[in-house]
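The values are calculated or read from the model by the stated rules, or taken from the named source; none is laboratory data. The shown structure was predicted, so the numbers you read here are calculated from the model rather than taken from an experiment. Here the Cβ is made from the backbone with ideal geometry for all residues, glycine too, and neighbour counts use every protein chain on show.
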(Lines give C-alpha, C1' and ligand atoms only; values in the text may rest on other atoms or scores of the structure.)
Protein backbone atom coordinates (compact mmCIF):
# COMPACT_ATOMS: atom_id res chain seq x y z
CA UNK A 1 0.00 0.00 0.00
CA UNK A 2 1.32 3.44 -0.86
CA UNK A 3 0.17 6.98 -0.18
CA UNK A 4 0.38 10.02 -2.40
CA UNK A 5 3.54 10.91 -0.51
CA UNK A 6 5.17 7.65 -1.55
CA UNK A 7 4.22 8.31 -5.17
CA UNK A 8 5.97 11.67 -4.91
CA UNK A 9 9.01 9.99 -3.36
CA UNK A 10 9.23 7.83 -6.49
CA UNK A 11 9.16 10.99 -8.59
CA UNK A 12 11.95 12.48 -6.52
CA UNK A 13 14.11 9.42 -7.15
CA UNK A 14 13.68 9.95 -10.90
CA UNK A 15 14.91 13.54 -10.84
CA UNK A 16 18.55 14.06 -11.79
CA UNK A 17 20.27 17.44 -11.41
CA UNK A 18 20.42 19.25 -14.72
CA UNK A 19 18.53 16.52 -16.59
CA UNK A 20 15.02 16.70 -17.95
CA UNK A 21 12.53 14.21 -16.48
CA UNK A 22 9.96 12.87 -18.96
CA UNK A 23 7.31 10.82 -17.17
CA UNK A 24 4.49 9.04 -19.01
CA UNK A 25 1.02 8.49 -17.57
CA UNK A 26 -1.07 5.85 -19.38
CA UNK A 27 -4.42 4.19 -18.77
CA UNK A 28 -7.86 3.45 -20.14
CA UNK A 29 -10.39 6.15 -21.14
CA UNK A 30 -12.04 7.70 -18.09
CA UNK A 31 -9.59 6.34 -15.54
CA UNK A 32 -8.66 9.85 -14.35
CA UNK A 33 -5.37 10.45 -16.16
CA UNK A 34 -5.97 14.17 -16.70
CA UNK A 35 -6.99 14.78 -13.09
CA UNK A 36 -4.05 12.80 -11.73
CA UNK A 37 -1.62 14.46 -14.14
CA UNK A 38 -2.83 17.96 -13.24
CA UNK A 39 -2.32 17.15 -9.56
CA UNK A 40 1.09 15.61 -10.13
CA UNK A 41 2.24 18.61 -12.17
CA UNK A 42 1.75 20.89 -9.16
CA UNK A 43 3.87 18.72 -6.85
CA UNK A 44 7.24 19.44 -8.46
CA UNK A 45 9.26 22.49 -7.38
CA UNK A 46 8.82 24.86 -10.29
CA UNK A 47 5.90 22.83 -11.60
CA UNK A 48 5.76 20.58 -14.64
CA UNK A 49 4.57 20.88 -18.23
CA UNK A 50 1.86 18.49 -19.40
CA UNK A 51 2.27 17.08 -22.91
CA UNK A 52 -1.02 15.49 -24.07
CA UNK A 53 -1.05 12.57 -26.51
CA UNK A 54 -4.66 13.55 -27.32
CA UNK A 55 -3.30 16.54 -29.20
CA UNK A 56 -2.43 14.13 -31.99
CA UNK A 57 -6.04 13.21 -32.78
CA UNK A 58 -6.61 13.38 -36.52
CA UNK A 59 -9.11 16.11 -37.44
CA UNK A 60 -12.80 15.26 -37.62
CA UNK A 61 -12.78 16.15 -41.31
CA UNK A 62 -9.94 13.74 -42.00
CA UNK A 63 -11.52 10.99 -39.90
CA UNK A 64 -14.76 11.34 -41.85
CA UNK A 65 -12.88 11.18 -45.15
CA UNK A 66 -11.12 7.99 -44.01
CA UNK A 67 -14.32 6.40 -42.70
CA UNK A 68 -12.99 6.46 -39.13
CA UNK A 69 -15.35 8.96 -37.50
CA UNK A 70 -17.25 6.25 -35.62
CA UNK A 71 -14.07 4.85 -34.07
CA UNK A 72 -12.49 8.15 -33.02
CA UNK A 73 -10.15 7.37 -30.14
CA UNK A 74 -8.90 4.10 -31.65
CA UNK A 75 -5.13 3.91 -31.95
CA UNK A 76 -5.40 4.31 -35.73
CA UNK A 77 -7.06 7.72 -35.37
CA UNK A 78 -3.92 9.44 -34.07
CA UNK A 79 -0.83 10.85 -35.78
CA UNK A 80 1.61 8.41 -34.18
CA UNK A 81 4.70 9.45 -36.21
CA UNK A 82 4.00 13.06 -35.23
CA UNK A 83 3.83 12.12 -31.55
CA UNK A 84 7.06 10.13 -31.79
CA UNK A 85 8.79 13.06 -33.49
CA UNK A 86 7.64 15.46 -30.77
CA UNK A 87 8.97 13.25 -27.96
CA UNK A 88 12.30 12.84 -29.71
CA UNK A 89 12.60 16.62 -30.02
CA UNK A 90 11.72 17.05 -26.36
CA UNK A 91 14.24 14.42 -25.33
CA UNK A 92 17.09 15.96 -27.32
CA UNK A 93 16.52 19.52 -25.99
CA UNK A 94 18.23 20.94 -29.07
CA UNK A 95 15.68 23.73 -29.58
CA UNK A 96 15.03 26.85 -27.51
CA UNK A 97 11.32 26.11 -27.53
CA UNK A 98 9.07 23.35 -28.84
CA UNK A 99 5.33 23.76 -29.38
CA UNK A 100 2.94 20.85 -28.92
CA UNK A 101 -0.73 20.44 -29.86
CA UNK A 102 -3.55 19.79 -27.42
CA UNK A 103 -7.09 18.45 -27.73
CA UNK A 104 -9.93 20.84 -26.92
CA UNK A 105 -13.04 18.95 -25.84
CA UNK A 106 -15.36 21.93 -26.33
CA UNK A 107 -14.78 21.73 -30.08
CA UNK A 108 -13.67 18.07 -30.20
CA UNK A 109 -10.61 18.98 -32.26
CA UNK A 110 -6.86 19.27 -31.76
CA UNK A 111 -5.29 22.72 -31.73
CA UNK A 112 -1.72 23.00 -32.97
CA UNK A 113 1.11 24.83 -31.21
CA UNK A 114 -0.98 25.19 -28.05
CA UNK A 115 1.56 24.02 -25.44
CA UNK A 116 4.85 25.91 -25.13
CA UNK A 117 7.79 23.85 -23.88
CA UNK A 118 11.01 25.84 -23.39
CA UNK A 119 14.42 24.19 -23.37
CA UNK A 120 14.77 24.75 -19.62
CA UNK A 121 11.52 22.94 -18.72
CA UNK A 122 12.86 20.29 -16.37
CA UNK A 123 9.78 18.09 -15.81
CA UNK A 124 7.44 16.97 -18.58
CA UNK A 125 4.45 14.73 -17.90
CA UNK A 126 3.26 12.97 -21.05
CA UNK A 127 -0.33 11.78 -20.75
CA UNK A 128 -2.07 9.36 -23.09
CA UNK A 129 -3.99 6.13 -23.53
CA UNK A 130 -1.57 4.30 -25.80
CA UNK A 131 1.89 5.09 -24.42
CA UNK A 132 2.57 1.39 -23.74
CA UNK A 133 1.23 0.00 -27.01
CA UNK A 134 3.38 -2.35 -29.08
CA UNK A 135 3.55 -0.14 -32.16
CA UNK A 136 6.79 0.95 -33.89
CA UNK A 137 6.24 4.68 -33.41
CA UNK A 138 5.01 4.26 -29.85
CA UNK A 139 7.90 1.95 -28.96
CA UNK A 140 10.31 4.65 -30.14
CA UNK A 141 8.30 7.22 -28.18
CA UNK A 142 8.60 5.03 -25.08
CA UNK A 143 12.39 5.14 -25.40
CA UNK A 144 12.19 8.89 -24.79
CA UNK A 145 10.42 8.50 -21.45
CA UNK A 146 12.18 7.84 -18.15
CA UNK A 147 9.21 5.85 -16.85
CA UNK A 148 5.62 5.15 -17.84
CA UNK A 149 3.01 4.65 -15.14
CA UNK A 150 -0.30 2.88 -15.70
CA UNK A 151 -3.37 4.16 -13.85
CA UNK A 152 -6.31 1.86 -13.14
CA UNK A 153 -9.55 2.11 -11.21
CA UNK A 154 -12.75 0.09 -10.88
CA UNK A 155 -14.61 -0.19 -14.15
CA UNK A 156 -17.98 0.88 -12.77
CA UNK A 157 -16.62 4.25 -11.68
CA UNK A 158 -14.67 4.67 -14.89
CA UNK A 159 -17.62 3.90 -17.19
CA UNK A 160 -19.94 6.24 -15.27
CA UNK A 161 -17.34 8.98 -15.55
CA UNK A 162 -17.02 8.42 -19.30
CA UNK A 163 -20.77 8.52 -19.90
CA UNK A 164 -21.07 11.77 -17.94
CA UNK A 165 -18.21 13.27 -19.93
CA UNK A 166 -19.91 12.51 -23.24
CA UNK A 167 -23.21 13.94 -21.97
CA UNK A 168 -21.41 17.07 -20.78
CA UNK A 169 -20.03 17.63 -24.26
CA UNK A 170 -23.31 17.25 -26.10
CA UNK A 171 -24.33 13.60 -26.51
CA UNK A 172 -27.71 12.33 -25.32
CA UNK A 173 -27.65 9.86 -22.43
CA UNK A 174 -28.33 6.93 -24.77
CA UNK A 175 -25.81 8.08 -27.38
CA UNK A 176 -23.21 8.56 -24.65
CA UNK A 177 -23.77 5.07 -23.27
CA UNK A 178 -23.69 3.52 -26.75
CA UNK A 179 -20.41 5.27 -27.57
CA UNK A 180 -18.81 4.21 -24.30
CA UNK A 181 -19.89 0.58 -24.49
CA UNK A 182 -18.99 0.14 -28.16
CA UNK A 183 -16.05 2.45 -28.89
CA UNK A 184 -14.44 3.46 -25.59
CA UNK A 185 -14.65 -0.02 -24.07
CA UNK A 186 -13.12 -1.66 -27.12
CA UNK A 187 -10.20 0.74 -26.78
CA UNK A 188 -10.05 0.11 -23.03
CA UNK A 189 -9.67 -3.64 -23.58
CA UNK A 190 -6.71 -3.03 -25.88
CA UNK A 191 -5.11 -0.57 -23.47
CA UNK A 192 -5.46 -3.00 -20.54
CA UNK A 193 -3.44 -5.51 -22.57
CA UNK A 194 -0.49 -3.08 -22.42
CA UNK A 195 -0.49 -2.82 -18.61
CA UNK A 196 2.34 -5.32 -18.14
CA UNK A 197 4.77 -2.96 -19.89
CA UNK A 198 4.38 -0.24 -17.26
CA UNK A 199 7.18 0.66 -14.87
CA UNK A 200 4.64 1.37 -12.14
CA UNK A 201 0.94 0.61 -11.70
CA UNK A 202 -1.22 2.98 -9.65
CA UNK A 203 -4.61 1.94 -8.29
CA UNK A 204 -6.18 5.34 -8.64
CA UNK A 205 -9.06 7.14 -6.98
CA UNK A 206 -9.46 10.82 -6.18
CA UNK A 207 -8.94 10.00 -2.49
CA UNK A 208 -5.40 8.94 -3.36
CA UNK A 209 -4.54 12.60 -3.79
CA UNK A 210 -5.66 13.45 -0.25
CA UNK A 211 -2.70 13.46 2.10
CA UNK A 212 -2.72 10.49 4.42
CA UNK A 213 -5.15 8.35 2.45
CA UNK A 214 -3.91 4.95 1.39
CA UNK A 215 -4.33 3.43 -2.06
CA UNK A 216 -2.42 0.56 -3.55
CA UNK A 217 0.46 1.16 -5.90
CA UNK A 218 2.73 -1.57 -7.19
CA UNK A 219 5.78 -1.84 -9.35
CA UNK A 220 5.14 -3.61 -12.64
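Entry remark, the stretch 89-109: residues being within 24 Å of residue 68 (Cα to Cα), in a strand (DSSP E or B) and free of Cβ contacts under 8 Å to residues at least 40 places away in the same chain number 1 in total. Across the stretch 70-83, the number of residues qualifying as in contact with a helix residue (DSSP H, G or I) (Cβ under 8 Å, 6 or more places away or on another chain) and either surrounded by fewer than 14 Cβ atoms within 10 Å (Cβ to Cβ) or more than 21 Å from residue 181 (Cα to Cα) (or both) comes to 6. Among the residues of the stretch 154-201, just one is closer than 20 Å to residue 105 by Cβ and in contact with a strand residue (DSSP E or B) (Cβ under 8 Å, 6 or more places away or on another chain), namely 191.
Of the helices (runs of 4 or more DSSP H) lying entirely inside the stretch 110-220, those containing at least 2 residues that are without any contact (Cβ under 8 Å) to a residue 24 or more places away in the chain and surrounded by fewer than 16 Cβ atoms within 10 Å (Cβ to Cβ) are 136-142, 155-168, 173-179. Per this entry, residue 51 is not counted among residues that are touching a helix residue (DSSP H, G or I) at 6+ places or on another chain (Cβ under 6 Å) and either surrounded by 15 or more Cβ atoms within 10 Å (Cβ to Cβ) or within 23 Å of residue 80 (Cβ to Cβ) (or both).
The residue of the stretch 178-210 that is nearest to the chain's Cα centre (by Cα), among those that are more than 30 Å from residue 14 (Cβ to Cβ) and modelled with pLDDT under 95, is 184. Taking the criterion of being modelled with pLDDT under 95 and either in contact with a helix residue (DSSP H, G or I) (Cβ under 6 Å, 6 or more places away or on another chain) or within 30 Å of residue 45 (Cα to Cα) (or both), would at least one residue in the stretch 141-148 satisfy it? Within the stretch 141-148 (the criterion being modelled with pLDDT under 95 and either in contact with a helix residue (DSSP H, G or I) (Cβ under 6 Å, 6 or more places away or on another chain) or within 30 Å of residue 45 (Cα to Cα) (or both)), the answer is no, since none of the residues qualifies. What are the residues in the stretch 11-59 that are in a loop (DSSP other than H, G, I, E, B), at pLDDT 95 or above and more than 21 Å from residue 204 (Cα to Cα), if any? Residues satisfying the conditions are 20, 58, 59.
Check off (1) under 20 Å from the mean Cα position of the chain (by Cα); (2) under 29 Å from residue 193 (Cβ atoms) for residue 69 and give me the number that stays unchecked. Condition not satisfied by residue 69: (1). A count restricted to the stretch 69-88 and to residues that are within 18 Å of residue 107 (Cα to Cα) and not in a helix (DSSP H, G or I) stands at 3. In the stretch 91-109, the residue that is farthest from residue 144 (Cα to Cα) out of those that are touching a strand residue (DSSP E or B) at 6+ places or on another chain (Cβ under 6 Å) and buried (at least 16 other Cβ atoms within 10 Å of the Cβ) is 103.
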